[in-house]
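Student: One structure follows; several queries about it will come next.
The values are calculated or read from the model by the stated rules, or taken from the named source; none is laboratory data. No experiment lies behind these values; they were computed from the predicted model shown. Cβ placement follows ideal geometry from the backbone for every residue including glycine, while neighbour counts extend to all protein chains displayed. Only protein heavy atoms, including side chains, enter the accessible area calculation; ligands, DNA and RNA are left aside. Shrake-Rupley method; radii C 1.70, N 1.55, O 1.52, S 1.80 Å.
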Amino acid sequence: MKNFDLIVIGFGKGGKTLALKAANIGKKVALVEKDSNMYGGTCINVGCIPTKKLFALSKQAKFYSDKDNYFAQSMQQKNKLISALRQKNFDMLNSHENITIFNNTAKLIDQNTISLDDNEQITAKNIVINTGSTSVKADFQIDSDMVYYSDDILNLNKLPSHLVIVGGSFIAIEFASMMASFGCKITLISRSNLLKNEDETSRESILTMLKEQDINIIQNAKISSIKDDKIYFNDDNLQADAFLLALGRQANTKNLNLQNIGISTNTNNSIKVNEHLQTTIENIYAIGDVRGGDMFTYISLDDYRIVWQHLYGNKCRNLNNQSPYAKVIFTKTPYAKIGINLNEAKEKNINAKELKILLSNVPNAKILGNDYGFLRAFVQTDSGEILGASFHCEEAHEIINIIAVAMKFKATANDLSNQIFTHPSISEALNDLFSQYT
């Protein structure tokens, strides 16, 4: 039996970063990953990197007459990128003298012991579970070989003529906008209101953008089945040559043996953790998607910081002092939000006001060729403290980070209204946005 200082289960962002940093201070680390195609985790292989590469390539599709050929070439470019990144991640850790990589499925035996699927066992003082998430499977009948989830649809080599996407949140909308840009006919079917958790102004702006991409939207649909090339819902059906089920993601805890060793889970199978990301067994931690909450790569990276400080630092970091962070939908016109909006402020009995400008008033938006959308900010009425923002505009995913830093350091509307920004830029519109505060 081999003994280590640290065992990390899963090769995702937080886990691989923790493994490497621990190894750099002399700790003996075991990194267990069952799938050699997942070195680097969900983000690099089936998540944000491949989808955003395809999203960027889809913007150029309008310049190509042969849509099918361009789509196939785009998939090849995506595959080349993720193969290189996957290999780079593997080499970076595998070459380290203090890291041993095991290509196995891990099963917890006790608080210090992992059993691998070749019957080998390894032990460590501390264990970190970083097994990520998987797509939520359909709860209606499927009898078709044309059905995909967000992971496997990235392996398509032929552009569908008509793609039906089932889902009403971020993943569904990103794929709808991207595939429409490639030239695919899209029908987006939601079993509830689309983007039901967004405020009405943002929601309507995104819906309008999708419709301008000729995306057919069906909301509050009761889906009964997908059979062959048809999806059946309400009293209707649609024919397509591909179906994407984007029904959300759930923690990947299968086969870990959690309950048998006393690790508690939530009703959605995510692992219960405290503010230091310790499970109900204090020397076993859970980070990233597997612990539930917001499933973003940058949250997994911040989880690494919390665990690192708790294991090897001054224990100063925890979930309660986490920095403000944004959420983004990457679409033809990206959408980003952070903090709370006006309605949420009222629910918290905070006296707040909304500031808003349209992108049609921003010079750089016209330079970039897309002046659709808005910048909105929500500030505390008396102090001008920034409570949140929602941007539906070009470069929203970039400039929202300015708001995140401003919120972290308690900057006010007056601070940003007087800040000097480069010109021309979208960020300079923050001057005009926050100058509305008086």
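Student: Whole number please: convex hull volume per residue of the Cα set in the chain, in Å³? The partial results should precede the final answer.
Tutor: Working: hull volume 71.3 nm³, N = 438.
Convex hull of Cα atoms, per residue: 163 Å³.
Student: What length, rounded to one decimal in nm, is gained on full extension from I350 through to D145, with 0.36 nm per residue of separation minus their alpha-carbon distance? Display every interim value, and only then the final one.
Tutor: Details: separation 205, 0.36 × 205 = 73.80 nm, distance 5.18 nm.
Additional length available on full extension: 68.6 nm.
Student: Determine the percent antiparallel among the DSSP beta bridges restricted to the range 30-158, to the nearest 5.
Tutor: Details: 7 of 10 bridges.
That works out to approximately 70 percent antiparallel.
Student: Subtracting the Cα-Cα distance from 0.36 nm times the residue separation, let me have the gained length for S95 to Q309 in nm, one decimal.
Tutor: Values: separation 214, 0.36 × 214 = 77.04 nm, distance 2.49 nm.
That works out to 74.5 nm of additional length.
Student: Just to be sure I understand the model, the point goes 7 Å from the Cα along the line to the Cβ. What's the resulting K52 to E200 distance in nm?
Tutor: Once both label points are built, they end up 3.4 nm from each other.
Student: Carbon and sulfur together cover what percent of the accessible area of the chain at a 1.4 Å probe radius? Walk me through the numbers on the way to the answer.
Tutor: Working: 8840 of 19860 Å².
With neighbouring chains kept in place, the figure for the chain is 45 percent.
Student: Relative contact order (percent) for the chain, with alpha-carbon contacts under 8 angstrom and 6 or more residues of separation?
Tutor: After rounding, I find 13 percent.
Student: For S435 and D241, calculate 0.36 nm times their separation in residues minus their Cα-Cα distance, and state this gained length in nm to one decimal.
Tutor: Taking 0.36 nm per residue and subtracting the Cα distance, the gain is 64.8 nm.
Student: For the range 378-394, in order, what is each residue's ³J(HN,Hα) by Karplus, 6.51 cos²θ - 1.76 cosθ + 1.60 with θ = phi - 60°, in whole Hz (x at glycine and Pro)?
Tutor: Residue by residue, the range 378-394 yields 10, 10, 5, 4, 7, 8, x, 4, 7, 9, x, 7, 9, 10, 10, 6, 3 Hz.
Student: I need the peptides 293-304, 360-371 ranked by packing, meaning the mean over residues of other C-beta atoms within 10 angstrom, with the highest value on top. If you can, show how the numbers build up before the last one.
Tutor: Values: 293-304: 19.8, 360-371: 15.3.
By packing density, highest mean first, the sequence is 293-304, 360-371.
Student: Also, I was wondering about something else. So what's the back-of-envelope 222 nm ellipticity for the chain, counting only DSSP H runs of four-plus at -39500 (n - 2.57) apiece and dividing by all residues, rounded to 500?
Tutor: Working: 13 runs with 137 residues, N = 438.
It lands at -9500 deg cm²/dmol.
Student: Here is a follow-up. To check you understand DSSP bridge types, tell me what percent of the beta bridges within the range 104-200 (both residues inside) are antiparallel, rounded to 5.
Tutor: Numbers: 7 of 12 bridges.
In the range 104-200, DSSP labels about 60 percent of beta bridges as antiparallel.
Student: On the principal axes of its Cα set, how long, how wide and how thick is the range 183-271? Give whole Å, largest value first.
Tutor: 52, 38, 27
Student: Rounded to two decimals, what is the ratio between the C-alpha radius of gyration of the range 106-263 and 2.2 N^0.38 Å?
Tutor: 1.32
Student: For the range 168-224, what Kirkwood radius comes out of the mean inverse Cα-Cα distance, in Å?
Tutor: Working: mean 1/r = 0.0873 Å⁻¹.
Taking the inverse mean of 1/r over all distinct Cα pairs, the range 168-224 comes out at 11.5 Å.
Student: Report the antiparallel proportion of the DSSP beta bridges in the chain as a percent, rounded to a multiple of 5.
Tutor: Values: 42 of 78 bridges.
So the antiparallel bridges in the chain amount to around 55 percent.
Student: Where only protein heavy atoms count, and the probe is 1.4 Å, what is the accessible area per residue for the range 135-255 in Å²? Display every interim value, and only then the final one.
Tutor: Numbers: 5440 Å² over 121 residues.
Spelled out: the 1.4 Å probe surface of the range 135-255, per residue, equals 45 Å².
Student: Before I look further, what does the range 1-78 give for accessible area per residue, probe 1.4 Å, in whole square angstrom?
Tutor: Values: 3350 Å² over 78 residues.
Accessible area per residue, the range 1-78: 43 Å².
Student: Another question, then. Specify, per residue and in Å³, the volume enclosed by the convex hull of the alpha carbon atoms belonging to the range 1-105. Before the final figure, lay out each step's value.
Tutor: Working: hull volume 9.4 nm³, N = 105.
Value for the range 1-105: 89 Å³ per residue.
Student: Just to be sure I understand the model, the point goes 7 Å from the Cα along the line to the Cβ. What's the resulting I217 to K59 distance in nm?
Tutor: Each label point lies 7 Å from its Cα, and together they span 2.2 nm.
Student: Relative contact order (percent) for the range 1-152, with alpha-carbon contacts under 8 angstrom and 6 or more residues of separation? Provide the component values of the computation, followed by the final result.
Tutor: On the way: 229 pairs, mean separation 52.5, N = 152.
Normalised by residue count, the contact order of the range 1-152 is 35 percent.
Student: Considering amide H positions built from the backbone, and no H for Pro or chain starts, which residues 5 or more places from S425, or on another chain, come under 5 Å of its amide H?
Tutor: HN-HN under 5 Å from S425: N364.
Student: Return the distance in nm (one decimal) between the two label points of a simple spin-label model at D152 and Q322, each offset 7 Å from Cα along Cα→Cβ.
Tutor: 3.1
Student: Also: Can you pull the Rg over Rh of the range 200-353, Cα-only, Kirkwood?
Tutor: Details: Rg = 20.8 Å, Rh = 19.6 Å.
Using Cα coordinates only, the ratio equals 1.06.
Student: Keeping all protein chains in place, calculate the accessible area per residue for the range 305-426 (probe 1.4 angstrom), answer in Å². Write down the numbers at each step before the final one.
Tutor: Details: 5860 Å² over 122 residues.
Accessible surface, normalised per residue, equals 48 Å².
Student: Pull up all non-local amide H partners of T105: gap of 5 or more, or a different chain, and H-to-H distance under 5 Å with H placed in the peptide plane.
Tutor: Hits under the 5 Å cutoff: D117.
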